[in-house]
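Okay, structure first, notes after.
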Amino acid sequence: MRWLKPAAVPLIAVGLALGIGAIVLAVSGANPIEAYGALIDGSLSSQKTIGRTLEKATPLIMGGLAVAFAFRAGLFNIGGQGQLVVGGIFAAAVGFGFEGLPWIIHAPLALLVGAVAGAAWGSIAGLLKATSGAHEVITTIMLNFVALNLTDWLASNSWKDEGILSRTPAVEESAVIPLWGSFPTGFLVAVAASFGCWYLLERTTLGFEIRSVGLNGDAARYAGISVQRIIVATMAISGLLAGAGGAIETQGVIGRYEPGFNAGLGFNGITIALLARNHPLGVIPAALLIGAMEAGGSMMQFNADVAPEITDIIEALMLLFVATPIVVRWFFSHQEIAEVSVTSGWGSS
Amino acid sequence: MPDHLLPLGSPTAVSDQVGVAASPALEVQGVTKHFGDVVANEDVNFRIERGRVHALLGENGAGKSTLVNIIFGLYQADTGEVRRNGEVMNLTGPRDAIANQIGMVHQHFQLVPVLSVAENVVLGDEPTRHGVVDLDEAAAVVRRLSERFGLEIDPQALVEDLPIGIQQRVEILRALYREVDILILDEPTAVLTPQETSHLLEVLRGLADTGVAVVFITHKLREVIAVADEITVMRRGRVVGHTTPADTDESDLASMMVGRAVELRLKRTPASPGDQVLTVVDLVVNDDRRTRALNGINLDVRAGEVVGVAGVEGNGQRELVEAITGLRGVVSGSIILDGEEIAGRSPRQISTMGVAHIPEDREKFGLIGAHTVADNMVLNRYHHHPYSSHGIRRPGAVDDEAARLVEEFDVRPPNIAAMVATLSGGNKQKVVAAREFSHESKVMVAAQPTRGIDIGNIEFIHRRLIEYRDAGMAILLVSAELDEVLGVSDRVAVIYGGLIVSCEPAEGIDRDRVGHLMLSGADG
Ligand SMILES: Nc1ncnc2c1ncn2[C@@H]1O[C@H](COP(=O)(O)OP(=O)(O)OP(=O)(O)O)[C@@H](O)[C@H]1O
Ligand SMILES: [Mg+2]
């Protein structure tokens, strides 16, 4: 049970958050058991609701991976949202721009172009940091604004659909990432991406370089690693993941690019990465959890008459407990917690 | 012994009792501490007396740092107890230790670089006036303390501008400001120049004379004989002996530590140097603040010889090493390796061309603490065959090499999957040395190669250096230890003010004259 120890803090944090959430529910006059029952009902009770959970979890996995991956090189990618919308609109452009392609070519091509567009967007922040030392937190936030306005403009000008709404045309049937029964195929892509990230980080020389730069940049330089190159490469891969998330959302869920789609998705990535403690495989359960809460939230609203904001409160509590492990460690006060601290904090450069 | 009846007085009050034998300020009884399978301390008993300087000796990994960290509350003992003035103490962290008047100076200083000396000293316990920090008062306090204990310092200076030796003074002042009567120093002299060391030893002596109990860890036996009142020796987690300088000598202590007789003087054969392998011509290099550190240095090292660079720290040694290994840019001049210019090339290119490098600061450059011992053993060759192929790492090959090196260099515990951060200081250094000695190289740049390493292993590393020399490698040895430079080198270059002021055969060299050159840059 080697995974249990690192997973302990997030698991306890989730437990605590649900517990306090129950108290909040009770205080606000709802029946917590009924409410949580509805939450599960809306997310895990049937093939259809499970499908919705997976569908919600898919972009969350990609956004979480983007943040977690960058963090392994010591980079804090706040630009997931921007990379995601850029990926989404380019996937849409390929999706509606070509006709008559077979699915086996068209769908992967659109996904690939979306991912590469996200990578290009992410690597801008990487280049800025590598060449001038500009902090990625600032540049990625700025690039988010640029990306949102750029995609808005594209969707209301060059790539605008007919009609009054500013959005792109629907993608061709051949570019759709389909449902398989009620199972969203895009979820498989996201899971594969998680394993891919894990393999890249743990088994390849590039991953070793990325982790080395993240843990001790001076020693990495001493070891002959070009820190600049790794910064650019890491931001590109991080952007690639977010961009692919946007593409899957476009091709698999919405069917076109609409401005404002999934606002906040990029930021949820930070939540997921924190819950997953930046482990690429930990991102999957973390995203499933948040995905289930999002999928079940509306059911909770209908069946138990609970304001949907309660899921936000629970998510926020989880974050709080994960980010302040002291509260959780209190539970372990009799146990030996690793006595050497080896990772740097969030946001440290 | 009714030591709990003694008053818990101020240092001056206590000093009256100096010599009134046996009133331990602190007593460790039967302490055992495990880290996983490793027994770091086993049934340790240890007494600290007021007004005495107590030296703690032992091999790398013997458990010295663990013991003092338990006393300071950083680690908790599994079993056993620590008594302060007879009362059992249950410390849960350094804060408790300070409340109990116990201070500690770590090897890695815990100062805020952008704050002034005075601010650092009072930080956490600031004098205030009308609710705001009274910086004038802080400066005055620092001045008073520094006068009283002979720790000369400018209270207004920024810590980041100070050399290591002075930063250490700030750490000591921090503790004294909190009126500690037990002061623990973990290898304080490892980073000091000989001059700074003798000054520190005087200060420690003076502190003890005011009644403070001083505990210090060191691997340098000469210091122990010079300043300690009591000596405790540890080996493999246990206390194996207790003595005083009057009853022992350096070679006795060495064998007590290691458990066998140790050659304190290196046996060596004369070198038979070949062609010039490394040539430094008119090299000009800047330091971190962009002021000149090297002002046109000339130096050459031939195959099969050791050239030692002696000098007081801060005269350009670090910049010279970093320029040769590609970690620092070059302003002008050239560095020729086997006929090829390497100035301005990347660290990767230079290392591939055959330059091995034991860096002076192992924590900063030499190791990645959160990587395993195995990964650190191949830190600069992970991308080579057989450690990877086509960009995919091959953990099996890495582990094989690491296991071989751990065995050969006696890294303890011999666990290649352990995080390097969990190793003792000296064992970390062994990992760096093992890795660099295992390259196929033409030049070895060894900066402070034995820093933090125990006597037995110093002997081992020195022998390795000589073996490598005899195998035809060119070795550039930079060390703050004049004994090390004179003992291992075939030629000795003295660096002063960014220039090599003399370079001559080590055979028959006059130690005092070298010392003089180091201090003034000129003869006589
Ligand atoms: N945080 C830790 N986690 C795991 N093992 C540890 C930890 N700290 C120390 N150890 C182990 O405990 C043993 C004693 O280490 P310690 O640092 O006390 O040695 P030391 O006597 O100070 O050696 P050195 O002279 O090399 O500094 C070593 O085997 C070390 O690997
Ligand atoms: Mg130690």
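The values are calculated or read from the model by the stated rules, or taken from the named source; none is laboratory data. No experiment lies behind these values; they were computed from the predicted model shown. Methodologically, a virtual Cβ is constructed for each residue, glycine included, from the backbone with ideal geometry; neighbour enumeration extends over all protein chains shown. Remember, those area values only see protein heavy atoms, side chains included, never the ligands or the DNA or RNA. Shrake-Rupley method; radii C 1.70, N 1.55, O 1.52, S 1.80 Å.
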B:S479 vs (1) at pLDDT 95 or above; (2) more than 16 Å from ligand 1 (Cβ to nearest atom): all pass except (1)
Every residue from region A:312-338 that is open to solvent by less than 70 Å² (accessible area, probe 1.4 Å) and modelled with pLDDT under 80:
A:V322, A:A323, A:T324, A:P325, A:V327, A:V328, A:F332, A:I337
Considering only region B:19-130, give the strands (runs of 3 or more DSSP E) lying wholly within it that have at least 2 residues that are touching a residue at least 12 places away in the same chain (Cβ under 8 Å) and within 16 Å of ligand 1 (Cβ to nearest atom).
B:24-35, B:38-49, B:53-58, B:79-84, B:102-105
Of the conditions (1) open to solvent by less than 10 Å² (accessible area, probe 1.4 Å); (2) at pLDDT below 95, B:E440 clears all except one; give me its number.
(1)
Could you figure out which of (1) in contact (Cβ under 8 Å) with a residue 40 or more places away in the chain; (2) within 14 Å of another protein chain (Cβ to nearest Cβ); (3) of a type in the set (V, I, T) isn't true of A:I177?
(2)
Identify all residues within region B:441-463 that are in contact with a strand residue (DSSP E or B) (Cβ under 9 Å, 6 or more places away or on another chain), more than 14 Å from ligand 1 (Cβ to nearest atom) and away from every other protein chain (no Cβ under 13 Å); write none if there are none.
B:S441, B:K442, B:V443, B:M444, B:A446, B:Q448, B:P449
Would it be correct to say that B:L185 is away from ligand 1 (no atom under 16 Å from the Cβ) and either out of contact with any Lys or Arg (no Cβ under 6 Å at 6 or more places or on another chain) or at negative phi (or both)?
no
Scanning region B:421-440 residue by residue, the ones that are in contact with a strand residue (DSSP E or B) (Cβ under 8 Å, 6 or more places away or on another chain) and near ligand 1 (Cβ under 10 Å from one of its atoms) total 1
Which one is nearest to B:E187 (Cα to Cα), of the residues in region B:393-430 that are within 13 Å of chain A (Cβ to nearest Cβ) and open to solvent by 60 Å² or more (accessible area, probe 1.4 Å)?
B:T422
Any hit, region B:197-213, residues being surrounded by fewer than 23 Cβ atoms within 10 Å (Cβ to Cβ) and in contact with a His (Cβ under 6 Å, 6 or more places away or on another chain)
no
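When you check A:R72 against the structure, is it touching a residue at least 60 places away in the same chain (Cβ under 8 Å), within 22 Å of A:F187 (Cβ to Cβ) and open to solvent by 10 Å² or more (accessible area, probe 1.4 Å), yes or no?
On the way: touching a residue at least 60 places away in the same chain (Cβ under 8 Å): yes; within 22 Å of A:F187 (Cβ to Cβ): no; open to solvent by 10 Å² or more (accessible area, probe 1.4 Å): yes.
Spelling it out, it is not the case that A:R72 is touching a residue at least 60 places away in the same chain (Cβ under 8 Å), within 22 Å of A:F187 (Cβ to Cβ) and open to solvent by 10 Å² or more (accessible area, probe 1.4 Å).
Yes or no, residue by residue, for (1) open to solvent by less than 10 Å² (accessible area, probe 1.4 Å); (2) farther than 30 Å from B:P505 by Cβ; (3) within 16 Å of ligand 2 (Cβ to nearest atom):
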position: B:Q195; (1), (2), (3): no, no, no
position: B:R236; (1), (2), (3): no, yes, yes
position: B:M257; (1), (2), (3): yes, yes, yes
position: B:P273; (1), (2), (3): no, no, no
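One line per residue, one yes/no per condition, for (1) out of contact with any strand residue (DSSP E or B) (no Cβ under 8 Å at 6 or more places or on another chain); (2) surrounded by 24 or more Cβ atoms within 10 Å (Cβ to Cβ); (3) in contact (Cβ under 8 Å) with a residue 60 or more places away in the chain:
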{"position": "A:E99", "(1), (2), (3)": "yes, no, yes"}
{"position": "A:I104", "(1), (2), (3)": "yes, no, no"}
{"position": "A:P108", "(1), (2), (3)": "yes, no, no"}
{"position": "A:G118", "(1), (2), (3)": "yes, yes, yes"}
{"position": "A:G122", "(1), (2), (3)": "yes, yes, yes"}
{"position": "A:L128", "(1), (2), (3)": "yes, no, no"}
{"position": "A:T131", "(1), (2), (3)": "yes, no, yes"}
{"position": "A:E136", "(1), (2), (3)": "yes, yes, yes"}
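What residue, of A:D152, A:D218, is modelled with pLDDT of 90 or more, surrounded by fewer than 21 Cβ atoms within 10 Å (Cβ to Cβ) and within 14 Å of another protein chain (Cβ to nearest Cβ)? Let's see the steps before the verdict.
Details: A:D152 fails: within 14 Å of another protein chain (Cβ to nearest Cβ).
So the residue among A:D152, A:D218 that is modelled with pLDDT of 90 or more, surrounded by fewer than 21 Cβ atoms within 10 Å (Cβ to Cβ) and within 14 Å of another protein chain (Cβ to nearest Cβ) is A:D218.
Matching residues to (1) modelled with pLDDT of 95 or more; (2) on the phi > 0 side of the Ramachandran plot; (3) open to solvent by 20 Å² or more (accessible area, probe 1.4 Å); (4) acidic (D, E):
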residue: B:H4; (1), (2), (3), (4): no, no, yes, no
residue: B:G9; (1), (2), (3), (4): no, no, yes, no
residue: B:T12; (1), (2), (3), (4): no, no, yes, no
residue: B:D16; (1), (2), (3), (4): no, no, yes, yes
residue: B:V31; (1), (2), (3), (4): yes, no, no, no
residue: B:I48; (1), (2), (3), (4): no, no, no, no
residue: B:R84; (1), (2), (3), (4): no, no, no, no
So for region B:94-116 (the condition being more than 25 Å from the chain's Cα centre (by Cα), farther than 30 Å from B:D288 by Cα and open to solvent by less than 40 Å² (accessible area, probe 1.4 Å)), does at least one residue qualify?
no
Checklist (1) open to solvent by 40 Å² or more (accessible area, probe 1.4 Å); (2) at pLDDT 95 or above applied to A:L179, failing item:
(2)
Taking the options A:I225, A:I231, A:I210, name whichever one is touching a residue at least 12 places away in the same chain (Cβ under 8 Å) and within 8 Å of chain B (Cβ to nearest Cβ).
A:I225
Only residues in region B:217-232 that are over 23 Å from B:R265 (Cα atoms) and buried (at least 22 other Cβ atoms within 10 Å of the Cβ) count as the first member; pair them with residues that are modelled with pLDDT of 95 or more and among the aromatic types (F, W, Y), Cβ under 7 angstrom, at least 6 apart or cross-chain, and list the lot.
B:T232/B:F46
Filter region A:75-97 down to residues that are small (G, A, S) and open to solvent by less than 10 Å² (accessible area, probe 1.4 Å) and give me whichever is farthest from A:G282 (Cα to Cα).
A:G95
In region A:287-307, residues that are open to solvent by 10 Å² or more (accessible area, probe 1.4 Å) and assigned to a helix (DSSP H, G or I) total 10
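Looking only at residues in region B:332-349 that are charged (D, E, K, R) and more than 14 Å from every other protein chain (Cβ to nearest Cβ), which one is surrounded by the most Cβ atoms within 10 Å (Cβ to Cβ)?
We begin by selecting, within region B:332-349, every residue charged (D, E, K, R); these are B:338, B:340-341, B:345, B:348.
Those still in the list that are more than 14 Å from every other protein chain (Cβ to nearest Cβ) too: B:338, B:340-341.
Numbers: B:D338: 16, B:E340: 10, B:E341: 11.
Across region B:332-349, the extreme among qualifying residues is B:D338.
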All positions within region B:350-379 that are part of a loop (DSSP other than H, G, I, E, B), open to solvent by 10 Å² or more (accessible area, probe 1.4 Å) and within 7 Å of chain A (Cβ to nearest Cβ)
B:G369, B:A370
Being assigned to a helix (DSSP H, G or I) and surrounded by 17 or more Cβ atoms within 10 Å (Cβ to Cβ) is the requirement here; does B:V485 meet it?
yes
